[in-house]
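Take a look at the structure set out below.
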Amino acid sequence: MTAIKDSFFSDIKSVNSLNDLSGLKVKYLGKKGVLTSEMKSLSSLPADERPSYGKKINDLKTLIEAEIDRLESGLKNSEMKQQLLSESLDITLPGKYTPFGAEHPINRTLTEIVDIFVKMGFSIEEGPEVELDYYNFEALNFPKNHPARDMQDTFFVGDNTVLRTHTSPVQVRGMEKRRPPVRFIAPGKVYRCDADMTHTPLFHQVEGLMVDRHVTFSNLKGILVTFLHQMFGPETPVRFRPSFFPFTEPSAEVDIGCIFCKGAGCRVCKGSGWLEILGAGMVNPRVFEYVEYDTEEFAGFAFGMGVERIAMLKYSIDDIRLFFENDIRFLRQF
Ligand code: DAH
C-alpha cells in the first residue's frame, strides 16, 4: 500500500497539464487502475484481514481523489490564465487604417455659393436637366438663329428637347410657378458640346433671380459685391462691364481683381489684372411677357456663374478635367 502511495506521489511530480492528470486518474482510479485491481485482490485474502486492508485501500483512494481534485483545480486555473494571457488585446498596436471619403471640391464650392445666397434670403429652385427648347431658349428671348442654339454647343435630345445649356431656364420655370416677389437661386448641372482645359461637356452653374417692385441695378450690384466679397475676401475689387445676353437688358459681365497677381497682370488673367466671374443683368421685359408678369409694375435682376470656374480659381487648378477624372491623388488634396 505504501508503495502505491509513494509511486502516486512521485507520479504527480511530472503532471504538468490536465491531460497528464487524466492519464494519472486512469492509472490509479480507472477500471483497470491500480486501486481497482487492489480491491479485486481482496477476495484472495483471508477473511479476517479483508476489512482492515479494504479500509486502507479506501483511505488511499480518498487521499488520491482529493489530491487529483486539488491538482485539477490548480491546473484549470493556470490553463485559464494562460489562455487569457495569450488572447489579451494589445491596445498599443496601431489600428487598421480606414480611408475616409471627402466632399468633392465642386460640391464644396457649390455649397459655399448656395450658403451665401441662402443667408441673403434666396430660396433654392430646381429644374430638369433634359429641358424643352422653349425654356432653354425661346422664353429667354434667344432668336431662332442664335449661335447658342447651334448643333456645336447644344446636345439635342429631340426636336424640341435639349440637355439644358445653362441654368437660366429655371428662371422661367420658377416665375411661371409664382407671382412676384421672387427671390431664388438655381444650382445645377448643365451641358455643352465642348471639351478642353477649361470646358467639359457637363459642368455646374448657379443661377440667381430677384423680381419685385423697384428692383434696380444697384440692388444687383449690392448683392453680387456682397457675394464676391464673401467668396473671395472682403478686399477683392469687383467691376461691372457692359455685355450682352438675350434675356437681360442691360447686361453685364462681372470681374474680380485677379486673386493671383493682385491686378498686376499674370498668366491666369492673361495680363489684364481681372478675372471674369459672372454674367448678370436686369431681366429683359420680353422674358416677363412670357411668364405674364406686369412689366410696368415689376423689375428684376438675374445672374449666372460657373461653379467649376470659381473652384478652379479658388483652388488654383488649371485643368477642369481633373474634377471629373476622380483620381484619388487629386481628390485627397481637398
Ligand atoms: N446663362 C448664361 C450662360 O450660361 C449666364 C448668365 C448671364 C445668366 C447673365 C444670367 C444672366 O442669369 O443674367 O452663359
When segment 156-165 is examined, which residues are found to be in contact with a Ser or Thr (Cβ under 9 Å, 6 or more places away or on another chain) and in a strand (DSSP E or B)? V162, L163
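Test P250 against the stated conditions and say whether it is part of a strand (DSSP E or B) and farther than 19 Å from F142 by Cβ.
Values: part of a strand (DSSP E or B): yes; farther than 19 Å from F142 by Cβ: no.
No: the conditions fail for P250.
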Tell me which residues, restricted to segment 314-333, are in contact (Cβ under 8 Å) with a residue 24 or more places away in the chain, hydrophobic (A, V, I, L, M, F, W, C) and out of contact with any helix residue (DSSP H, G or I) (no Cβ under 8 Å at 6 or more places or on another chain). F324
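For (1) part of a strand (DSSP E or B); (2) surrounded by 14 or more Cβ atoms within 10 Å (Cβ to Cβ); (3) away from the ligand (no atom under 14 Å from the Cβ), each residue gets a yes or a no:
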residue	(1), (2), (3)
T154	no, yes, no
T167	no, yes, no
M175	no, yes, no
P180	no, yes, yes
R183	yes, yes, no
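Tell me the residue from S7, S17, S22 that is at pLDDT 85 or above, in the same structural domain as L75 (by TED's automatic domain parsing) and exposed (fewer than 12 other Cβ atoms within 10 Å of the Cβ), please. Give the derivation first.
Details: S7 fails: exposed (fewer than 12 other Cβ atoms within 10 Å of the Cβ); S22 fails: exposed (fewer than 12 other Cβ atoms within 10 Å of the Cβ).
Within the list S7, S17, S22, the selection yields S17.
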Give the number of residues within segment 185-204 that are basic (K, R) and within 12 Å of the ligand (Cβ to nearest atom). 1
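Can you pull out the residues in segment 137-152 that are of a type in the set (D, E, K, R) and either within 12 Å of the ligand (Cβ to nearest atom) or not in a loop (DSSP other than H, G, I, E, B) (or both)?
Looking only at segment 137-152, we keep the residues that are of a type in the set (D, E, K, R), and these are 138, 144, 149-150.
E138, R149, listed by residue number.
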Output for Cβ contacts, cut-off 7 Å, separation at least six or different chains, first residue touching a residue at least 12 places away in the same chain (Cβ under 8 Å) and exposed (fewer than 13 other Cβ atoms within 10 Å of the Cβ) in segment 101-119, second assigned to a helix (DSSP H, G or I) and not charged (D, E, K, R), reads A102/L331
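Quick check: anything in segment 256-266 free of Cβ contacts under 8 Å to residues at least 24 places away in the same chain and in contact with a Pro (Cβ under 6 Å, 6 or more places away or on another chain)?
So the first thing to find is which residues in segment 256-266 are free of Cβ contacts under 8 Å to residues at least 24 places away in the same chain, and the list is 257-258, 261-262, 264-266.
Those still in the list that are in contact with a Pro (Cβ under 6 Å, 6 or more places away or on another chain) too: 257.
The answer is yes, given that some residue of segment 256-266 is free of Cβ contacts under 8 Å to residues at least 24 places away in the same chain and in contact with a Pro (Cβ under 6 Å, 6 or more places away or on another chain).
The values are calculated or read from the model by the stated rules, or taken from the named source; none is laboratory data. This structure is a prediction, so every number in the text was calculated from the model and none was measured. Cβ atoms come from the backbone with ideal geometry, glycine included; neighbour counts cover every protein chain shown.
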